[in-house]
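I have placed the structure first, in the form of structure tokens, so that the comments after it can refer back to it.
Throughout, read-outs are computed from the coordinates displayed, never taken from laboratory work. The structure displayed is predicted, hence computed values, not measured ones. So basically every Cβ, Gly included, is an ideal-geometry build from the backbone, and we count neighbours across all protein chains shown.
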Amino acid sequence: MSKASEVKSGNILRFNGELVAVEEFIHRTPGNLRAFYQARMRNVRSGKLVEYRFRTDEDVEIARVETNDYQYLYDEGDFFVVMDNNTYEQFNIPKNLFGDTARFLKEGMNVIIAFESDEPIMAQAPATVELEITYTEPAVKGDTSTNALKSATVETGVEIRVPLFINQGDKVKVDTRTGDYIERVK
């Protein structure tokens, strides 16, 4: 057990039996009241936001979380199979931990996964990925003058919007959080 004064933003706490990630932790000292810590925390499983006031001497349980790089190997039902790059040990990670970024995962890609006592609690895909365009309408000469967009399918099967000058077989950089085209890769 730790005291509330030892908590920092970014810590993972066990709060009311649930794991929460501390997003904001502010020390407040109102004029005629005792000092306290105002915390804004997000539930790791549900994503729900929790606000709470901790007394300065209140006991809190800081969870021991290990975060590491893993290599994404393949898709298996409701799980992604990843491998530890150091020990070559394989783990099944639930797809829902990746959220919307899961649709951009490609075999061999590095991902970040956080474990709390051998249980995966958070997973994060890279912010940007380079994917090949598998299908799009052909480009026509003169299409580079406007900023119009067309639909294109990338190698993971996701349809994104790209500029008119992008052709089938081109590699593009995509933002995994929004699904937006960033640039063409040479």
In nm, to one decimal, how far is the Arg161 label point from the Glu116 one, both placed 7 Å along Cα→Cβ?
-> 3.8 nm
What is the extension gain from Tyr135 to Glu61, computed as 0.36 nm multiplied by their sequence separation minus the C-alpha to C-alpha distance, in nm to one decimal?
-> 21.5 nm
One computes Rg over Rh for region 1-147 from alpha-carbon atoms, with the Kirkwood Rh, and obtains 1.15
Gaussian network model of the chain, Cα within-10 Å springs - most flexible of Asp59, Asp69, Asp100 = Asp59
Relative to the Cα centre, what is the charge dipole magnitude of the chain, using +1 at the beta carbon of each Lys and Arg, -1 at the beta carbon of each Asp and Glu, and rounding to the nearest 20 debye?
-> 860 debye
Residues of region 6-34 with amide N under 16 Å of a point placed 7 Å along Cα→Cβ from Ser46 = 14-21
Using θ = phi - 60° and Karplus 6.51 cos²θ - 1.76 cosθ + 1.60, couplings along region 91-105 (whole Hz; Gly, Pro as x) = 10, 9, 10, x, 4, 5, 5, 7, x, 6, 5, 4, 6, 9, 5
The aspartates and glutamates whose Cα lies under 15 Å from the Cα of Lys48, excluding any fewer than 8 residues away in the same chain, are Glu18, Glu23, Glu24
Select from region 65-139 those trypsin sites (Lys or Arg not before Pro) which occupy a DSSP coil region and have at most 16 other Cβ atoms within 10 Å, ordered by residue number.
-> Lys106
